[in-house]
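A.B. asks: Please find one structure pasted underneath; my questions will follow.
Any read-out appearing in this document is the output of simple, stated calculations on the displayed coordinates, not a laboratory observation. Computed from a prediction, not measured in an experiment: that's the story for all the values here. Positions of Cβ are backbone-derived with ideal geometry, glycine not excepted, and every protein chain shown enters the neighbour counts.
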Ligand SMILES: Cc1ncc(C[n+]2csc(CCOP(=O)(O)OP(=O)(O)O)c2C)c(N)n1
């Protein structure tokens, strides 16, 4: 039996549960959407980096792949920053893009993509433009299975515009497992090391959240009375941040990591690289006398770790294996000091975080991209429940605002709070329009400090006093929001903050709260 490529692809997408298509269309994509099936929905983003970041948030919040459709070369070009972020986030995305008709390709036509498959490399796991139209369904299927295999990530398929009406045979979906179960002998050795350690510590990363291993991690930490540190620049939350064993957030700096972990004889890294550094450093990677065990879903992270025993495994399965061993009686580690409460006298970033923590609805999800506010957030806005925090693993700005829209689309029962720096928000401000059109109750909190403050602070590391290009005066976020259909309120004093947040959290519409903070 023959069907059109389009029919075969939509049948496959339906089987994979990829019925939400994030896109921004062009002429080279239009035939894909002929007779658009009623059980599919198209989520429009007004720029392609916004499209991919929305899909990323959606995919992460659902724990499954999402489908993206981009315009040929230029659309992929606009999307590349967000594709890079999805790659670092290990977010499964099937990214498709249009291409000019096969018969036109010898003439280098308008809108054609010369090296379509190379354009998104190296930040896709697999990239393909099928040799024949009839091979498009198989390429989409392989892209999906590959995206979902551990470590997950984006894949790319370029589809010539004339392929959609061509004939092919239908392709049934298959079951393809992507879960890696670690070597039992090595996991048993790791469990023994843990049981015999004097003072073990756990360093936890985003793969713990991605693999749904929150309860196993909690059990492991409590079993061993092990302090839990969050790995540097971690993109998800993995452990209740007010638990007595919660030690804090490791900096992305070798010597400071060693100082934080001092006194431990065994460092168990779970679902994170060893380690993510941001600044140069030398000397040891571990405190003197300590050994390291790493459980990771990423074979490359295992191979490049500078020290320790590395075991490639799904985190839930791996931590369960570690739970097989008992633990000796150990004294509880010292409790990390908590930040003291702040009075409503200065509208600072820490005060904003404190009030957000007090007023945020139960179960609400924070999607953060406010680099200079990270310290204040860590101190005053703890994440207490699983899957309630997302940021980007790449450090690339322009992710948080549209990702929050995608998370809200995936989790309609939850309140989503996008916590954004003024600079960060401007990389993807068109995402507000999608939130309004989709009628999503996202609360966008803009931390307006009038600058790229994180960059100003980082300049000191290189001995620069005042770097150029870091001031952002004259931005009116309320006007930017209203122009796109999002209600907005500006807060300039402590006394106005609670009412604004309560109003935003109390409605079912998207609201932007612009908070003008003092230094
Ligand atoms: C795409 C991209 N461009 C530039 C940077 C460099 N950068 C890192 S932090 C930062 C400033 C962010 O400003 P804002 O969101 O206002 O937060 P603040 O630092 O003021 O808290 C910049 C520009 C980046 N990380 N990503």
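A.B. asks: How high is the relative contact order of region 45-142, in percent, with contacts defined as C-alpha pairs under 8 Å that are six or more residues apart?
C.D. replies: Value for region 45-142: 27 percent.
A.B. asks: Need one number: % antiparallel among DSSP beta bridges in the chain, to the nearest 5.
C.D. replies: 5 percent
A.B. asks: Suppose the chain between residue 329 and residue 507 were pulled fully straight at 0.36 nm per residue; how much longer would it get relative to their current alpha carbon spacing?
C.D. replies: Here the answer is 59.1 nm.
A.B. asks: Between residue 378 and residue 165, what FRET efficiency comes out of the Förster formula 1/(1 + (r/R0)^6) with R0 = 56 Å and r the beta carbon distance, rounded to 0.05?
C.D. replies: It comes out at approximately 0.55.
A.B. asks: Which shape class applies to region 1-107: rounded if a/c is under 1.5, otherwise prolate when a/b exceeds b/c and oblate if not, where a ≥ b ≥ c are the square roots of the Cα gyration tensor eigenvalues?
C.D. replies: Oblate is the answer for region 1-107, as a/c is 1.5 or above yet b/c matches or exceeds a/b.
A.B. asks: So for each of 205-212, 345-352 I average, over its residues, the number of other beta carbons within 10 Å; can you give me the resulting order with the highest mean first?
C.D. replies: 205-212, 345-352
A.B. asks: Moving on. How far, in nm, would the chain grow between residue 101 and residue 279 when pulled straight, counting 0.36 nm per residue and subtracting the alpha carbon separation?
C.D. replies: 59.3 nm
A.B. asks: 7 Å from Cα along Cα→Cβ at both residue 177 and residue 479: what's the point-to-point distance in nm?
C.D. replies: Between residue 177 and residue 479, the simple spin-label model gives 5.9 nm.
A.B. asks: Taking the beta-carbon count within 10 Å as an exposure proxy, list 383, 426, 54 from fewest neighbours to most.
C.D. replies: Ordered by Cβ neighbours within 10 Å, fewest first: 426, 383, 54.
A.B. asks: Taking a virtual spin label 7 Å from the Cα of residue 339 along the C-beta vector, which residues in region 379-416 bring their backbone nitrogen under 13 Å of it?
C.D. replies: 379-383
A.B. asks: Here is a further query. What is region 20-101's relative contact order, in percent, from Cα pairs under 8 angstrom and six or more apart in sequence?
C.D. replies: Relative contact order for region 20-101 comes out at 38 percent.
A.B. asks: Take the alpha carbon atoms of region 487-505, find their center, do the same for region 16-53, and report the distance between the two centers in whole angstrom.
C.D. replies: Using only Cα atoms to place each centre, the spacing works out to 35 Å.
A.B. asks: What is the gain in length, in nm to one decimal, between residue 439 and residue 288 on full extension, counting 0.36 nm per residue of separation less the C-alpha to C-alpha distance?
C.D. replies: 48.9 nm is the gain from fully extending residue 439 to residue 288.
A.B. asks: Just check the chain against the gyration tensor rule for me: Cα atoms, a ≥ b ≥ c as the square roots of the eigenvalues, rounded for a/c under 1.5, and otherwise prolate or oblate depending on whether a/b exceeds b/c.
C.D. replies: oblate
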